[in-house]
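See below for the structure under consideration.
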Amino acid sequence: MKVKLEDVAKAAGVSPTTVSRVLNNRGYISDRTRAKVEEAIKELNYYPNDVARSLFKKRTNFIGLILPTVSNPFFGQLALYIENLCSTLGYKVILCNSSGQIEKEKSYSTMLIRHQVDGMIVCSYNRGIDTYMYPKLPIVAIDHYLSPTIPVVGSDNYAGGKLAIQHLIEQGCKSIIHINGPLEIETPAQLRRKAYEDLVENSVTYELPFEDEDTIVSIRKILKERPETDGIFASDDIIAAACLQVAREMNIHVPGQLKVVGYDGTETTMSLLPQLTTIKQPIEDIAKTSVLKLMDMIENSEFSGPYETSLPVQLLINETT
């Protein structure tokens, strides 16, 4: 049977109000009375009702985190940093994996609001979700535009794209292609493509759907259609890894015949593919900036500050170039 606050009060020989004051550390309580209440709590194995306490404090100390997938190393590492920082600030994180499905994301965002989270951090490709227009709920987006009133945090995508292309050109590449996600997705990551198009004459970009099960097939087709390709700028390390796999299958020597640059530079990727040249995102700084911006919005009803924050990236030169 669930132990109630009244049970603790009876066991300690005090009123329920006194137990509440001990739990919330409010008002004067004698050491003797506090000791009696704490002993009763321990004996009865009583846990306070956080929902009821949150109604009193008008704060739940829960943050919602919506990711499009937990299988991508970038989002996994990002979630780790966000959770760690939130924990040090006294917040717990409710992790939601939308799998890129708009209806699933709508359901999760509604659930988070119903559970009265204090704010949300959203890494989402989906648009048109009404709950993100919730007028009083603080929301921060990571590398995606959700609405004109929601601040966005990410890496300097244009600078990253520029670093990648300049490096391929310096390595002697004459026929560079770019492989990224769908163009219709409104995200700052499209600036990687913009940098490619600005620097490469007769640019050719191939779009792959997110979570495409036929990525290998698509890349194999691309390289067969364009055998002259000697440089690939992939919009993320997963695509870059697929390019390396296809190159091995087709006996295309890397970096002799083909040079490949990825984007993300996660710890997992660098552990499994230490030979990959990539643009390293400041994932920990992205997480920290997003959390602190959200905390500021939670504490201050009116948000002030830049609506878009771009953090510096780094070119990691390895064996694939």
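Of note:
- Counting 0.36 nm for each residue step from residue 224 to residue 250 and taking away their Cα separation leaves a gain of 8.4 nm.
- Converting phi to 3J(HN,Hα) with the Karplus coefficients 6.51, -1.76 and 1.60 and the offset θ = phi - 60°, the range 251-264 yields 6, 9, 6, 10, x, x, 9, 9, 10, 10, 10, x, 7, 1 Hz in sequence order, with x at every glycine or proline.
- Listed residues 169, 77, 137: farthest to the positive end of the dipole of the range 39-176 (Cβ charges): 137
- Residue separation of residue 29 and residue 107 scaled by 0.36 nm, minus their Cα-Cα distance, works out to 23.6 nm of gained length.
- Its Cα centre serving as origin, the chain has a Cβ charge dipole (Lys and Arg +1, Asp and Glu -1) of approximately 1500 debye.
- The HN-Hα couplings worked out from phi for the range 312-321 by the Karplus form 6.51 cos²θ - 1.76 cosθ + 1.60 (θ = phi - 60°) are x, 10, 9, 8, 9, 8, 9, 6, 7, 10 Hz, whole numbers, x standing for Gly and Pro.
- Shown is the FRET efficiency for residue 70 and residue 319, computed with R0 = 25 Å from the Cβ-Cβ distance and rounded to the nearest 0.05: 0.30.
- Across the options 227, 101, 188, the greatest Cα extent toward the positive end of the charge dipole of the chain (unit charges at beta carbon of Lys, Arg, Asp, Glu) belongs to 101.
- Of 174, 162, 42, the one that fluctuates the most in a GNM where the chain has Cα springs shorter than 10 Å: 42
- Over 32 Å between alpha carbons, listed pairs 2/92; 92/162; 104/259; 194/224; 4/288: 92/162; 104/259; 4/288
- 3J(HN,Hα) couplings calculated from phi for the range 61-77 with the Karplus curve 6.51 cos²θ - 1.76 cosθ + 1.60 (θ = phi - 60°) are, in sequence order, 6, 10, 10, x, 10, 10, 10, x, 6, 9, 7, 7, x, 4, 6, x, 5 Hz; Gly and Pro show x.
- Fraction of accessible area attributable to carbon and sulfur, the range 24-166 (%, probe 1.4 Å): 53
- Label-point separation, residue 133 to residue 175 (7 Å along Cα→Cβ), nm: 4.9
- Top positive-direction residue, dipole computed over the range 166-321 with Cβ charges, set 315, 258, 206: 258
- Accessible solvent surface per residue of the chain, calculated while the other protein chains remain in place, 1.4 angstrom probe, Å²: 52
- For the chain, a/c is not less than 1.5, where a ≥ b ≥ c are the root eigenvalues of the C-alpha gyration tensor, and a/b tops b/c. That puts it in the prolate class.
- Cα-based shape type of the range 1-118, given that a ≥ b ≥ c are square roots of the gyration tensor eigenvalues and the cut on a/c is 1.5: prolate
- Taking amide H atoms as placed 1.01 Å from N in the peptide plane, the amide H of residue 206 lies under 5 Å from those of 178, 179, 180, each 5 or more residues away in sequence or on another chain.
- A cut-off of 5 Å between modelled amide H atoms, ignoring neighbours fewer than 5 places along the same chain, links residue 153 with 141, 142, 143, 144, 309.
- Distance between the range 151-205 and the range 209-253 - C-alpha centres, whole angstrom: 16
The values are calculated or read from the model by the stated rules, or taken from the named source; none is laboratory data. As the structure is a prediction and not an experimental result, all values here were calculated from the model. Glycine also receives a Cβ, built like all others from the backbone with ideal geometry; neighbour counts cover every protein chain displayed. Side chains are part of the model used for accessible areas, which takes the heavy atoms of the whole protein and leaves out ligands, DNA and RNA. Shrake-Rupley method; radii C 1.70, N 1.55, O 1.52, S 1.80 Å.
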